[in-house]
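Down below is the structure, laid out as structure tokens.
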Amino acid sequence: MAIEFKPSPSLPPPVNSVGAVAWLRQNLLSSPLNVFLTFFSLYIIYLLVPPVIEWGLVNATWSGSSKAECTAGGACWAFIGVYFEQFMYGLYPEEETWRINIAVILLVVLVATFAVKSVNKLYLSIAIMVVYPVVAYILFAGGAFGLEIVETSLWGGLFLTVLLGVVGIVASFPLGVLLALGRQSNMPIAKSVCIVFIETIRAVPLITILFMASVMIPLFLPEGMNFNKLLRVLIGITLFSAAYMAEVIRGGLQAIPKGQYEAADAMGLTYWQSMILVILPQALKLVIPGIVNTFIGLFKDTTLVYIVGMFDLLGRIQAASHDASWLGTTIEGYAFAGFIYWAICFGMSRYSMAIERKLETGHKRN
Amino acid sequence: MIDKTPSNNNSFLNDAGNRALIFQILLLALVVFVGYYLFSNLQSNLDNRGISTGLSFLNEPAGFPILIHLIEYTEANSYGRAFLVALINTVVISLLGIVLATVLGVIIGLARLSNNWLVARLATVYVETLRNLPLLLQMFFWYFAVLAALPHPRESFIFADFFLNKRGIYSPNPIFQEGFGFVIAGFVLSIVAAIALIVWAKKRQTKTGLWFPAYWSSFGIIIAVTLLSLVISGFPIEFDLPQKSRFNVTGGMVLPPEFVAVLIALSTYTASFIAEIVRAGILSVNWGQTEAARSLGLKDSLTQRLIVLPQALRVIIPPLTSQFLNLAKNSSLGAAIAYPELVAVVMGTTLNQTGQAIETIGLCMLVYGSLSLSISLFMNWYNKKMSLIER
Amino acid sequence: ATLDDVKAKGFIQCGVSQGVPGFSNADASGNWTGIDVDACRATAAAVFGDAQAVKFTPLSAKERFTALQSGEIDMLSRNTTWTYTRDSSLGLDFTAVNFYDGQGFMVRKDLGVESALDLDGATVCTEQGTTTELNMADFFRKHKLSYVPVVVQKADEAVAAYDSGRCDVFTTDKSGLAAQRSKLAEPNAHVILPETISKEPLGPVVRHGDNQWKDIVTWSMFVQVNAEELGITSKNVATIKKETTDPGIARLLGTEGDMGAQLGLSADWAYNIIALVGNYGEVFENNVGPATPVGLPRGINNLWTEGGVMYAPPVR
Amino acid sequence: MIEFNDVNKWYGDFHVLKNINFSIKKGERIVVCGPSGSGKSTMTRCINRLEEHQKGSIIVDGIEMNDNLKNIEAIRKDVGMVFQHFNLFPHLTILENLTLAPIWVRKTPKKEAEEMAMHYLERVKIANQALKYPGQLSGGQQQRVAIARGLCMQPRIMLFDEPTSALDPEMIKEVLDVMVQLADEGMTMVCVTHEMGFAKTVADRVVFMDAGEIVEANEPNEFFNNPQQDRTQNFLSQILNH
Amino acid sequence: MIEFNDVNKWYGDFHVLKNINFSIKKGERIVVCGPSGSGKSTMTRCINRLEEHQKGSIIVDGIEMNDNLKNIEAIRKDVGMVFQHFNLFPHLTILENLTLAPIWVRKTPKKEAEEMAMHYLERVKIANQALKYPGQLSGGQQQRVAIARGLCMQPRIMLFDEPTSALDPEMIKEVLDVMVQLADEGMTMVCVTHEMGFAKTVADRVVFMDAGEIVEANEPNEFFNNPQQDRTQNFLSQILNH
Ligand SMILES: Nc1ncnc2c1ncn2[C@@H]1O[C@H](COP(=O)(O)OP(=O)(O)OP(=O)(O)O)[C@@H](O)[C@H]1O
Ligand SMILES: Nc1ncnc2c1ncn2[C@@H]1O[C@H](COP(=O)(O)OP(=O)(O)OP(=O)(O)O)[C@@H](O)[C@H]1O
Ligand SMILES: [Mg+2]
Ligand SMILES: [Mg+2]
């Protein structure tokens, strides 16, 4: 009695609903408003792109020794070429810049070793967090092992930018952890101290902190004791990002289920043991994207040191553009700075997104 | 059972409560000690160097000019007045920036969601470019690079009575003559009428269901009545027109490039973050809500206005608040391009002329602190108002 | 005391500007030159007998006083104007004047302005945190001229703003004007107006309270002026020291008595200054004189005997 | 009242509805069932054009479905829909949820709209909750509000897409009761559901879909006791044994 | 081994434990049951001071519970606990989960700790999973790991708080088997559970709690067949019929 059901074959969709034509129709021309928007967008692209290409590539001058030699009417990239060393290293003596290069290569190698499975991660972390900074400092500042002393007032350019960003984030990390733990603790005084610190710092702009570091810290130190301006600025930046870091880490701590704390307690672990062995490893892993975002913010903010008279990448470019023989090359300078900052920040934000995606699946069963 | 020696060493230190207490007392002592140490250093440093302290300097004449002042200010005024001028400049640029950034951010955020591929891509490029560049760089760009490209005052771009050149944007400055009170009265009256119209329209709708385009027509009423009263009173308004003079364009109202550059940089930069927030907020509203609204016959514009936006706002407000706070704090970068805001006037000039580092920096931090606090309070209040009632 | 600290570390930390040609300016390889730099070198010569025993800290106008107050630098030699407030309430001591300056205005030649009194309605650029900001205000107020002030963070940027056309006028000390003009693309397209609207005695500054150190810096300067007055130069100082019979010169150069000991210095301190740095006239001519790009006339900075105001108390 | 003529629909390359030919008369009550992914929801949603079809024609209440916005509006006014996940507006009170469309779409006076809303709320037996927010109600109550909201537009046709499948067992009954009552009043209904008890009680016809096709459509008695197709039998044995 | 004397506990104003008097001998196996919210978990968690009590005294293994950190430490070393949601540490392998406490709390050499861990893993029959992460195991396996983790501290007492209630039916048996085996070895156990089969097999006494009080405590036979209190009868009829 029963008839067998055979599903009829799937047909290809009508041509006007797939393919390039349909795509155009749906994505660009689906309504009169959309047609208008499409043409408006095309007009904007037409306004922006060809002139920029013409200026930056077609009519650009790539070499020369002064602005006067840039006669093609386009960008004067020769400016960047001439000042390139300064933009990278500041006034660091030319014959000593190999020291910076070595330190950078060393760091890259160390970080890359993380990917190697057989290496002991603990020792490697110690090497990076403890040994490397010392080595790098000796390399940068000199004064030992026959290295010539290079004063910090000569440090500048991208080197200084990266230094400020990296030191700021690395140094603020432990402080941020402590502040976050303090804010989460149930000891009222410790808690309020942390809250007051975090909220005060977050309420004021970085500039005021930098001014404090460069102008006010000396007033608070006993007479005769004073430290280097770079160090003061680093302290300022570290305190600043520690407050933001603390909030990011606190988010991670809050995301750890209560059961984890209880299980650790029930096993007899002490507060610090359970934090270090159980809670923090999980919490920190969760907030890596947040930490990267904080770093991106901080990296952009390092430009503010220019206002307190340090010459990072942007500062160097700004100063160079006042050079008499290169007047009128501001845009080239900004374009170059923009390219570098953008590449680094965009790269990092992609990286943090990738981590975020990986974390989403990481805790699941696989 | 094997009886372990029960730890009866109920020593004071092993008590959890006591430990916490001791730790906290130590912490407090440390904080107090460090505070005291720094303070006493400060005292002795100030004494040794003969630097006077206190806020009395605020009453002394400042002696320096300020480019932009919205309240009366001359060099003869006091530092206190200068502080106030700078404070107003900071608040004004922050508020204007917040408004502009929000408008622009919402537009870009919606553009990113547009079903027009090209528009969405352009918006993405905007967001990814601006938010990955340091704000200071953008300010420098808007100030130094764009400034260099503008014409000299003598070759100003002129549009009607508007001038654009390196010195800023000049526009006619209205000067109100005697009969202007009449116009103001007309304006106020028309607003009252408009409100009445809206109330009436709502009532009528409740009763009869008939719709009257109350908002548009009240807008029309306000314009018409105001214009009419202008005509009747014989245009009691004169314009101080900008004119070319020896050095500058004089007269009129001017927006100096410092102001414009800070405003543009702040609002375009923050807009790139707000756009992402708006996008995420709208995406967070379940598609089912849109479908439900559509199946009730609501037009798409109404669906957005009545259903999607109110729900998206709930998600948008908290991160938006922190963007507003960032913007207010970032306004301090204006100092780098000669916009006379707090940092420039107080921590720059005043600090230098008086040497009162503690007081000036303290004042600035206080102002930023309260600015942040008031923005947070306002937004929290608004957030609470908007939040959903759940079971 | 500062002298002991300085001796202990072996050099003087000296605060200078971030680049004003003729006053303190670093070349591409980081060598500092200028009048202000030589003031530091003279002190180093006096203390160590080595004019190179100096390290320089470039400072913006806004940072300079705190840097000194905090002990980050031992002396500040950064075209700093000696004013009552600074001397009395900032915990600073001014030592001597190494350049008598006055504030002036620079404008583009093609504006055809000939006097500062023609500047009504002009836009004026200046650097933040200096006395110029105040003098400019006073000047325009006094003459009831209207103006638009644009106060920029740094000297360089103020010049850049002027150069880009944001302002009609750039104002700072006249020496600074000359120096900055030399850095512009076409120095001859700009004129410095004749008016001098203020007194700007510039000189090295030290921390308040260390009299010995203050004396050393002060007298290092005075020695140079006295040397010029006595006709002693870096070239002839060695011969003069050997041959002189003048008791005044002998005292100065340390062949007679031990004037240096009173300051905690060696007997040949003054000799070292002159031999290693030169007398005031030499310093002036080498750094800012008519033969240099800055090209300033000696003018008021001439010796009192030559119609200027450079007058140093005698060494005795 | 509703007519499907040779309706075909694709999602990208995926052919979801294949040659649907079907018509529903006024007052008829249709239950649609079939395995997951067979296109039941898609077909239902085509009726008020929440989805577009690409070939064939759908005519609702004499109006043909096409890109014409006026037509779509007209049809949506006449077709009420109840979703699996209720989709109440969480930022509006129950009363506001119900009066929203009458006020803004039908331009009913607010007062009148509220009276009508209260009327329907009474019919679904939750008039006392009118001033609460959806978040404060249980799932069953929310679904009844959703039905009342659909009714407030006084539609001629009601569509239900698995209205009970997100509910706890105790709540399913409340909602089904309301639907049976509606059916008894003669409302034209299209209901996607696997509640076979409901289908037996109220359906005029049961439609069984698989792989984007209508496999079988018959009155309930025949459908359940004497399915014509293998596929149908198979399916029925599965869901009835469960 | 464990003694509750007049124990009282409040959450804020809410009185959760009322006058608990109870003692457990060495090697005894106690099953605690009662309606939700009756305070079973709270009482169990008081035994290793995951919760503080405010009145009365609890003495575990001769040590009185108070704020003294040394005492708490000593007791926690002696009391193992298994939670409803396992609470394994997801960032550590199974082996690391097991050796963490022995290494850091007992200061056992790592090698020894690992050997012991493997021993217990074998006992719960998942030695082959030692190097996996908790996220890679099924719920039943995870719970067995949790039990092994508790055992690794070689406690004299084990506490179980509804160890099977988050598991799918098939997995419940695996876990109960391990627990029965433990009981047979003579471990002192306190187990909150509604698995009445388990209670009948292994319990020395069954404790029934309601509203923060111990209503009845008796050996299983008596408890199930001849409950003394109305309330108990009522409760038993509910869960046994289900
Ligand atoms: N927006 C979409 N894009 C692509 N494919 C879709 C989309 N919506 C549904 N589909 C696919 O179309 C098919 C039919 O979906 P539909 O929701 O109509 O099924 P259904 O019969 O209602 O199933 P269920 O009982 O699970 O609700 C499914 O295979 C589904 O995966
Ligand atoms: N941290 C807390 N704060 C306030 N009240 C709490 C807290 N933890 C538990 N309670 C309350 O204490 C009472 C007893 O909780 P407990 O978890 O001991 O019950 P239980 O018998 O284990 O219930 P279940 O069978 O649901 O696990 C409950 O009413 C609960 O709401
Ligand atoms: Mg469906
Ligand atoms: Mg419980």
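Within the stretch B:245-258, work out how many residues are modelled with pLDDT of 85 or more and open to solvent by less than 20 Å² (accessible area, probe 1.4 Å). Talk me through it step by step, then tell me what you get.
The first filter runs over the stretch B:245-258 and keeps only residues modelled with pLDDT of 85 or more, leaving B:255-258.
With the extra rule that they be open to solvent by less than 20 Å² (accessible area, probe 1.4 Å), the set shrinks to B:256-258.
Number satisfying all stated conditions: 3.
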Those residues of the stretch B:151-176 which are at pLDDT below 80, in a loop (DSSP other than H, G, I, E, B) and surrounded by 13 or more Cβ atoms within 10 Å (Cβ to Cβ) amount to B:S156, B:D161
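Give me a count of the residues in the stretch B:80-134 that are among the hydroxyl-bearing types (S, T, Y) and closer than 16 Å to B:L327 by Cα. Give the steps one after another, and end with the answer.
Narrowing the stretch B:80-134 to residues among the hydroxyl-bearing types (S, T, Y): B:90, B:94, B:102, B:114, B:124, B:126, B:129.
Still in the running and closer than 16 Å to B:L327 by Cα: B:90, B:94, B:102.
Result for the stretch B:80-134: 3.
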If I ask for residues that are at pLDDT 90 or above and more than 13 Å from C:A53 (Cβ to Cβ), which ones from the stretch C:1-32 would you list? C:G15, C:V16
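Using the structure shown, decide if E:F160 is touching a Pro at 6+ places or on another chain (Cβ under 9 Å) and either aromatic (F, W, Y) or within 16 Å of ligand 1 (Cβ to nearest atom) (or both).
On the way: touching a Pro at 6+ places or on another chain (Cβ under 9 Å): no; either aromatic (F, W, Y) or within 16 Å of ligand 1 (Cβ to nearest atom) (or both): yes.
So E:F160 fails the test.
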If we keep only residues of the stretch E:142-164 that are part of a loop (DSSP other than H, G, I, E, B) and within 16 Å of ligand 2 (Cβ to nearest atom), then the residue farthest from the other protein chains (Cβ to nearest Cβ) is E:T164
Single residue of E:R76, E:R123, E:R144, E:R149 found to be in contact (Cβ under 8 Å) with a residue 24 or more places away in the chain and open to solvent by 40 Å² or more (accessible area, probe 1.4 Å): E:R123
For the stretch C:136-156, what are the residues that are buried (at least 23 other Cβ atoms within 10 Å of the Cβ), assigned to a helix (DSSP H, G or I) and facing chain B (nearest Cβ under 9 Å)? C:M136
Of everything in the stretch C:262-316, what is open to solvent by 40 Å² or more (accessible area, probe 1.4 Å) and basic (K, R)? Give them in sequence order. C:R316
Residues of the stretch C:157-183 that turn out to be crowded, with 24+ Cβ neighbours inside 10 Å and outside any helix (DSSP H, G or I), as a count: 8
Is at least one residue of the stretch A:142-149 open to solvent by 80 Å² or more (accessible area, probe 1.4 Å), over 17 Å from A:A242 (Cα atoms), touching a Gly at 6+ places or on another chain (Cβ under 6 Å) and β-branched (V, I, T)? yes
Considering only the stretch C:29-67, state which residues are touching a Leu at 6+ places or on another chain (Cβ under 9 Å), more than 30 Å from B:T360 (Cα to Cα) and within 14 Å of chain A (Cβ to nearest Cβ). C:G30
Could you check the stretch E:63-123 for helices (runs of 4 or more DSSP H) lying wholly inside it with 1 or more residues that are within 9 Å of chain A (Cβ to nearest Cβ) and at pLDDT 90 or above? E:94-104
When you scan the stretch D:212-222, do you find a residue that is over 30 Å from A:L11 (Cβ atoms) and in a strand (DSSP E or B), even just one? no
Could you list, in sequence order, the residues of the stretch B:201-244 that are away from chain D (no Cβ under 14 Å), over 30 Å from C:A122 (Cβ atoms) and open to solvent by 70 Å² or more (accessible area, probe 1.4 Å)? B:Y215, B:W216, B:F219, B:I223, B:L227, B:L228, B:V231, B:I232, B:F235
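What are the residues in the stretch C:52-77 that are in a loop (DSSP other than H, G, I, E, B) and either of a type outside the set (D, E, K, R) or under 18 Å from C:K7 (Cα atoms) (or both), if any?
Let us first name the residues in the stretch C:52-77 that are in a loop (DSSP other than H, G, I, E, B), namely C:52-53, C:59-63, C:70-74, C:77.
Within the stretch C:52-77, C:Q52, C:A53, C:L59, C:S60, C:A61, C:S70, C:G71, C:E72, C:I73, C:D74, C:S77 meet the criteria.
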Restricting attention to the stretch E:37-66, report how many residues are open to solvent by 30 Å² or more (accessible area, probe 1.4 Å), closer than 14 Å to E:H15 by Cα and of a type in the set (A, V, I, L, M, F, W, C). 0
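Looking at the structure I just gave you, is D:Q136 within 14 Å of another protein chain (Cβ to nearest Cβ), in contact (Cβ under 8 Å) with a residue 12 or more places away in the chain, more than 30 Å from D:G62 (Cβ to Cβ) and open to solvent by 50 Å² or more (accessible area, probe 1.4 Å)?
Working: within 14 Å of another protein chain (Cβ to nearest Cβ): yes; in contact (Cβ under 8 Å) with a residue 12 or more places away in the chain: no; more than 30 Å from D:G62 (Cβ to Cβ): yes; open to solvent by 50 Å² or more (accessible area, probe 1.4 Å): yes.
In short, no.
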Go through the stretch D:32-56 and give me each residue that's away from chain A (no Cβ under 14 Å), more than 10 Å from ligand 3 (Cβ to nearest atom) and over 14 Å from the mean Cα position of the chain (by Cα). none
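Please verify whether E:D210 is touching a residue at least 40 places away in the same chain (Cβ under 8 Å), farther than 25 Å from E:E114 by Cβ, under 13 Å from the mean Cα position of the chain (by Cα) and open to solvent by less than 50 Å² (accessible area, probe 1.4 Å), treating the condition exactly as stated.
Values: touching a residue at least 40 places away in the same chain (Cβ under 8 Å): yes; farther than 25 Å from E:E114 by Cβ: yes; under 13 Å from the mean Cα position of the chain (by Cα): no; open to solvent by less than 50 Å² (accessible area, probe 1.4 Å): yes.
When the stated conditions are applied, E:D210 does not pass them.
Name the single residue, out of those in the stretch E:13-37 being within 16 Å of ligand 4 (Cβ to nearest atom) and free of Cβ contacts under 8 Å to residues at least 24 places away in the same chain, that is farthest from E:Q229 (Cα to Cα).
E:F14
Here's the yes/no breakdown for (1) within 14 Å of chain D (Cβ to nearest Cβ); (2) open to solvent by 20 Å² or more (accessible area, probe 1.4 Å); (3) touching a Leu at 6+ places or on another chain (Cβ under 9 Å):
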| residue | (1), (2), (3) |
| --- | --- |
| B:V260 | no, yes, no |
| B:L266 | no, no, yes |
| B:Y269 | no, yes, yes |
| B:G281 | yes, no, yes |
| B:R294 | yes, yes, yes |
Looking at the stretch A:210-281, what helices (runs of 4 or more DSSP H) fall wholly within it and have at least 2 residues that are away from chain C (no Cβ under 11 Å)? A:229-255, A:258-266
Looking across the stretch A:302-349 at residues that are over 20 Å from B:A336 (Cβ atoms) and more than 10 Å from chain B (Cβ to nearest Cβ), the single one that is surrounded by the most Cβ atoms within 10 Å (Cβ to Cβ) is A:W326
Condition test on B:I88, is it assigned to a helix (DSSP H, G or I) and surrounded by 22 or more Cβ atoms within 10 Å (Cβ to Cβ)? no
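Counting residues that are of a type in the set (S, T, N, Q), which helices (runs of 4 or more DSSP H) fully inside the stretch C:216-316 reach at least 2?
Details: elements: C:237-243, C:247-253, C:269-276, C:280-287.
Result: C:280-287.
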Looking only at residues in the stretch B:107-124 that are in a helix (DSSP H, G or I) and more than 10 Å from every other protein chain (Cβ to nearest Cβ), which one is most open to solvent (accessible area, probe 1.4 Å)? B:I107
Could you check the stretch B:312-334 and list, in sequence order, the residues that are in contact with a Ser or Thr (Cβ under 8 Å, 6 or more places away or on another chain) and more than 14 Å from chain A (Cβ to nearest Cβ)? B:A312, B:R314, B:V315, B:L320
Filter the stretch E:10-40 for residues that are of a type in the set (D, E, K, R), in a strand (DSSP E or B) and away from ligand 2 (no atom under 13 Å from the Cβ) and give the result. E:R29
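The values are calculated or read from the model by the stated rules, or taken from the named source; none is laboratory data. The structure presented is a predicted model; accordingly, all values stated were derived computationally and were not measured. Cβ: placed from backbone, ideal geometry, glycine included. Neighbour counts: every protein chain shown. Please note that ligands, DNA and RNA were not included when accessible areas were found on the heavy atoms of the full protein model with its side chains. Shrake-Rupley method; radii C 1.70, N 1.55, O 1.52, S 1.80 Å.
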